[in-house]
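Enquirer: Pasting a structure below so you can have a look.
The values are calculated or read from the model by the stated rules, or taken from the named source; none is laboratory data. The structure presented is a predicted model; accordingly, all values stated were derived computationally and were not measured. Heads up, the Cβs are rebuilt from the backbone with ideal geometry, glycines too, and the neighbour counts pull from every protein chain shown.
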Amino acid sequence: MPRLRLARVLIHAAAVVVFGAAACATHQADTVQPEEVPQLLSSPPLAYPESLMLAEVEGSVTLQARVDTAGRVDRASVRVLKSTNPAFEAPAIAMLLGTRFRPAHRDGALTVALIELPVRFEIKTTLADSVAATEAVAEGQRLARVGTLDPAVEAFTEARRLDRRLASSPTIWWTLCWYGSLWGRAQEFISACDQLVALAPGDVRARDARGFARALTGDFPGAIADFEAVIAGSASAGQRAERAEWTQALRAGRNPVTPEVLERLRSREP
C-alpha cells in the first residue's frame, strides 16, 4: 500500500490545524502510486486542551492512518508517530477519526491509502484581538440575557474569530446553553450544552444548565442524571433542594420546568 503526500490547511476555532505533506516514504516495487490522493471534505473542530491553551503551550502530533474507499479513517490503523505533548494526542486522534475524505483513486477505481498527517496546535492572537474578543463576549452575554439570541451568537462567533482560545471557554457555552433554554430555544442550543459539559464535566453550573435544557427538550433521563450531579455537588442548599424537587417530578413523568418557572427565572434577568 502506498504512502501518500497530502497537504491541506484548516483553521478551526481553537487552533490552527495543518495536514502537512507526508514524510518521504518507500513502497513496494509492484505498488502503483494512486493517480489522486485523498482530498479532505470535512473535519470536526479540534479541541485544544484548555490547560495548555491557557498556558499558551503549542505543539504538534504526527498521525498515520489508512483512508478507506468510503473516505473514512480506519480507527484500528491510527498510529501516533511523533508527539510533543501526550495531552495533544487524544484530541488530534478524535479530530482525525471524524474527518471525511474523498477517497484515493487508481486506474479509475477507488483505493485505500496510507497517509501521515502532522497536526499542529498553534495559538495566534494579538493583544488587540484579545481586547476586542473580550468586548465581544461581554456583548454576547448582554444580548443573551435579554433573549436576543441570534445577535448573541454572532457576537460570540466574532469573539472566537478574534481569539481562538475562546472556543474552549465554558463562559460562552454556558451562556448559550442557559439562555437559549430560558428563552424557548432549548432544542436549538442543546449542542452548546453538550459542548459546555465536555469542557467542564465537573462544574455543577454546566450540569445544571444542561439538565435544564434536557428537561425542556423531553430528555427526562438525561435531565435526571444532570440534576443528580448538581444535588451531589457544590451547589447551594436552596438550589440542591429545588433540583431534588425537579428530579422527583421528572421521575414521575412530569416536567418541572413549567411556563411559570420560566417566567420566574426570566424576571431575575436585567
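Enquirer: Is it the case that ALA213 is farther than 26 Å from GLY140 by Cβ, assigned to a helix (DSSP H, G or I) and among the hydrophobic types (A, V, I, L, M, F, W, C)?
Expert: It is false that ALA213 is farther than 26 Å from GLY140 by Cβ, assigned to a helix (DSSP H, G or I) and among the hydrophobic types (A, V, I, L, M, F, W, C).
Enquirer: Hey, can you tell me all the residues within segment 218-254 that are at pLDDT 95 or above, buried (at least 17 other Cβ atoms within 10 Å of the Cβ) and in a loop (DSSP other than H, G, I, E, B)?
Expert: Correct list: ASP219 only.
Enquirer: Restricting attention to segment 196-206, does a residue exist that is basic (Lys, Arg), part of a helix (DSSP H, G or I) and without any contact (Cβ under 8 Å) to a residue 40 or more places away in the chain? Give the steps one after another, and end with the answer.
Expert: Taking segment 196-206 and keeping what is basic (Lys, Arg), we get 205.
From the residues that got through so far, the ones that are part of a helix (DSSP H, G or I) too are 205.
Next cut, without any contact (Cβ under 8 Å) to a residue 40 or more places away in the chain only: 205.
Yes, there is a match, as at least one residue in segment 196-206 is basic (Lys, Arg), part of a helix (DSSP H, G or I) and without any contact (Cβ under 8 Å) to a residue 40 or more places away in the chain.
Enquirer: If you don't mind, another one. Go through (1) under 22 Å from ALA152 (Cβ atoms); (2) under 19 Å from the mean Cα position of the chain (by Cα); (3) surrounded by fewer than 18 Cβ atoms within 10 Å (Cβ to Cβ); (4) not hydrophobic (A, V, I, L, M, F, W, C) for GLY202 and report which single condition fails.
Expert: (1)
Enquirer: Within segment 215-244, track down each residue that is basic (Lys, Arg) and over 16 Å from LEU265 (Cβ atoms).
Expert: Scanning segment 215-244 gives a single hit, ARG240.
Enquirer: Taking only segment 231-252 into account, find how many residues are among the small types (Gly, Ala, Ser), touching a residue at least 12 places away in the same chain (Cβ under 8 Å) and farther than 13 Å from GLY211 by Cα.
Expert: Filtering segment 231-252 down to residues among the small types (Gly, Ala, Ser) leaves 232-238, 241, 244, 249, 252.
The next check asks that each one be touching a residue at least 12 places away in the same chain (Cβ under 8 Å); those that pass are 233-235, 244.
In the following step, the residues that additionally are farther than 13 Å from GLY211 by Cα were identified as 233-235.
Matching residues across segment 231-252 total 3.
Enquirer: For ILE231, only one of the following conditions fails: (1) over 17 Å from TRP178 (Cβ atoms); (2) over 27 Å from the mean Cα position of the chain (by Cα). What is its number?
Expert: For ILE231, the failing item is (2).
Enquirer: Let me ask something else about it. Spot the failing condition for ILE172; the list is (1) surrounded by 18 or more Cβ atoms within 10 Å (Cβ to Cβ); (2) more than 28 Å from ARG142 (Cβ to Cβ), and only one is missed.
Expert: (2)
Enquirer: Right, next: Pick out the one residue from VAL146, VAL131 that is of a type in the set (Val, Ile, Thr), modelled with pLDDT under 90 and outside the structural domain of PRO44 (by TED's automatic domain parsing). Before you say what the answer is, go through the steps one by one.
Expert: Working: VAL146 fails: modelled with pLDDT under 90.
Just a single option satisfies the conditions, and that option is VAL131.
Enquirer: Now for a different question. Going by the conditions given, is SER191 of a type outside the set (Val, Ile, Thr) and under 17 Å from the mean Cα position of the chain (by Cα)?
Expert: For SER191, the condition - of a type outside the set (Val, Ile, Thr) and under 17 Å from the mean Cα position of the chain (by Cα) - is met.
Enquirer: Quick check on this structure: which one of TRP183, TRP178 is touching a helix residue (DSSP H, G or I) at 6+ places or on another chain (Cβ under 9 Å), touching a residue at least 40 places away in the same chain (Cβ under 8 Å) and of a type in the set (Phe, Trp, Tyr)?
Expert: TRP183
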